[in-house]
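Asks: Just passing along the structure, written as structure tokens.
The values are calculated or read from the model by the stated rules, or taken from the named source; none is laboratory data. Note that the structure is a prediction, hence the values are computed from the model and not measured. Cβ: placed from backbone, ideal geometry, glycine included. Neighbour counts: every protein chain shown. When the accessible area is computed, the model is the full protein with side chains, heavy atoms only, and any ligands, DNA or RNA have been set aside. Shrake-Rupley method; radii C 1.70, N 1.55, O 1.52, S 1.80 Å.
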Amino acid sequence: QVQLVESGGGLVQAGGSLRLSCAATGRTFSTYTMAWFRQVPGKEREFVAAISGSGGSTYYANSVKGRFTISRDNAKQTVYLQMNSLKPEDTALYYCATDRTGIYKAPNSYGYWGQGTQVTVSS
């Protein structure tokens with residue numbers, strides 16, 4: 001059984017920064033792709049970023065490219081999302097996910113999800 005626990009969300013002004021963390025337990029962490037998604041009420045869950053098991057490959061949504069950075073520490077079994085130059089449209093509930101079996105941008109490719117951490121960016 002895999003457990004993912006996100007933390008680091010909060011309220012920040014536009015232009016500010018936050019760093020999200022996702023701690024994983026219950027499996028060999030370094031083997032698996034990790035990803036971040038976000039969702040606002042009434043909308044579909046949206047891909048944000050993903051990172052390969054070794055950390056050698058990263059993928060970003062166009063909307064966050066150049067502002068967000070995904071990284072991982074396999075020794076700590078934790079994946080991070082550094083978010084800079086935040087915008088009000090980045091406001092969402094952010095989830096981490098793992099156990100990918102399909103396209104990295106598709107939410108239904110992932111088998112395990114955390115409970116989410118709220119990010120609110122004020123204008």
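Asks: Restricting to region 73-84, and then to whatever is in contact (Cβ under 8 Å) with a residue 40 or more places away in the chain and surrounded by fewer than 22 Cβ atoms within 10 Å (Cβ to Cβ), can you tell me which residue is nearest to Ala14 (Cα to Cα)? Full working, then the answer.
Replies: Just the residues of region 73-84 that are in contact (Cβ under 8 Å) with a residue 40 or more places away in the chain, to begin with: 74, 76-84.
Okay, now just the ones that are also surrounded by fewer than 22 Cβ atoms within 10 Å (Cβ to Cβ), so 74, 76-78, 80, 82, 84.
Working: Asn74: 31, Lys76: 30, Gln77: 30, Thr78: 26, Tyr80: 20, Gln82: 15, Asn84: 10 Å.
That would be Asn84.
Asks: Please go through region 63-72 and give me each residue that is part of a strand (DSSP E or B) and crowded, with 18+ Cβ neighbours inside 10 Å, ordered by number.
Replies: Result: Phe68, Ile70, Arg72.
Listed here are the residues, each with its yes/no results for (1) of a type in the set (Val, Ile, Thr); (2) surrounded by 13 or more Cβ atoms within 10 Å (Cβ to Cβ); (3) touching a residue at least 12 places away in the same chain (Cβ under 8 Å).
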| residue | (1), (2), (3) |
| --- | --- |
| Gly56 | no, no, no |
| Ala61 | no, yes, yes |
| Leu86 | no, yes, yes |
| Leu93 | no, yes, yes |
| Cys96 | no, yes, yes |
| Arg100 | no, yes, yes |
| Ile103 | yes, no, no |
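Asks: Okay, moving on. Read through the list (1) over 22 Å from Val121 (Cα atoms); (2) in a strand (DSSP E or B), then give the number of the only condition that Gly56 fails.
Replies: (2) is the only condition that Gly56 fails.
Asks: Residues in region 38-53: is at least one modelled with pLDDT under 95, in a loop (DSSP other than H, G, I, E, B), surrounded by fewer than 13 Cβ atoms within 10 Å (Cβ to Cβ) and touching a Ser or Thr at 6+ places or on another chain (Cβ under 9 Å)?
Replies: Within region 38-53, none of the residues are modelled with pLDDT under 95, in a loop (DSSP other than H, G, I, E, B), surrounded by fewer than 13 Cβ atoms within 10 Å (Cβ to Cβ) and touching a Ser or Thr at 6+ places or on another chain (Cβ under 9 Å).
Asks: Name the residues in region 105-118 that are open to solvent by less than 30 Å² (accessible area, probe 1.4 Å) and under 12 Å from the mean Cα position of the chain (by Cα), would you? Spell out the reasoning first.
Replies: Residues of region 105-118 that are open to solvent by less than 30 Å² (accessible area, probe 1.4 Å), as a first pass: 106, 109-110, 114, 116-117.
If the condition is that a residue be open to solvent by less than 30 Å² (accessible area, probe 1.4 Å) and under 12 Å from the mean Cα position of the chain (by Cα), then Gly114, Gly116, Thr117 are the ones that fit.
Asks: I would also like to ask the following. What number of residues within region 4-27 are modelled with pLDDT of 95 or more, in a strand (DSSP E or B) and surrounded by fewer than 15 Cβ atoms within 10 Å (Cβ to Cβ)?
Replies: The qualifying residues number 6.
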